[in-house]
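Visitor: So that we are looking at the same thing, I have put the structure below in structure tokens.
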Amino acid sequence: MTLWKNQAFTIAHADAGAFESAGLRPFFEYRQLGIAEATNGAYGAHVIRAVPGMESLGTWHSHDLEFQMVYVTRGWVVFEYEGQGEHVLRAGSCVLQPPGIVHREVRHAEDLELIEITSPATFTTQEEDAR
């Protein structure tokens, strides 16, 4: 594999990608985009979609990471952030969640689909007390 500045060339096509239930939240499915492998884990990117009929548990949590961006491609989702309140993200909405911000996913549309980009690709998540 050829590397350029510690990254490999990669392409992910929707018709070749599979959604898996193995992810952070049981009410979401995840399709990896190959970014973690191409960057040796420095970055991660995946498409997340709602599992029809399943709802969010609304658990407050935080992540130990350096970067987390969410871009909604379909449907809507309500996030609540400590000190920022509730925000409805719709198709075309983007949020940068600063490292360590305490937040929760409150509810979402059954057709929700979003892209999440993180650094690093693998990180820990801590449950937090209700805010």
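Visitor: Applying a 10 Å radius around every beta-carbon, put 29-35, 109-115, 81-87 in order of their mean neighbour count, most first. Don't skip to the end; give the middle numbers.
Guide: On the way: 29-35: 18.9, 109-115: 17.3, 81-87: 11.9.
Ranked from most to least packed, the peptides come out as 29-35, 109-115, 81-87.
Visitor: In nm, give the distance between the simple-model label positions of Asn40 and Ala14, each being 7 Å from the Cα along the Cα-to-Cβ direction.
Guide: Distance between the two pseudo-spin positions: 3.4 nm.
Visitor: Run lengths n ≥ 4 of DSSP H only: what is the helix-derived mean residue ellipticity at 222 nm for the chain, with -39500 (n - 2.57) per run over all residues, to the nearest 500?
Guide: Roughly -500 deg cm²/dmol at 222 nm, from the helical runs in the chain.
Visitor: Please find the FRET efficiency linking Ala130 to Met54, where r is the Cβ-Cβ separation and R0 is fixed at 22 Å, and quote it to the nearest 0.05.
Guide: 0.55
Read-outs throughout are calculated quantities, based only on the coordinates presented, and are distinct from any laboratory measurement. Since we're looking at a predicted model, the values are computed, not measured. All Cβ positions, even for glycine, are placed from backbone atoms using ideal geometry, and neighbour counts span all protein chains on display.
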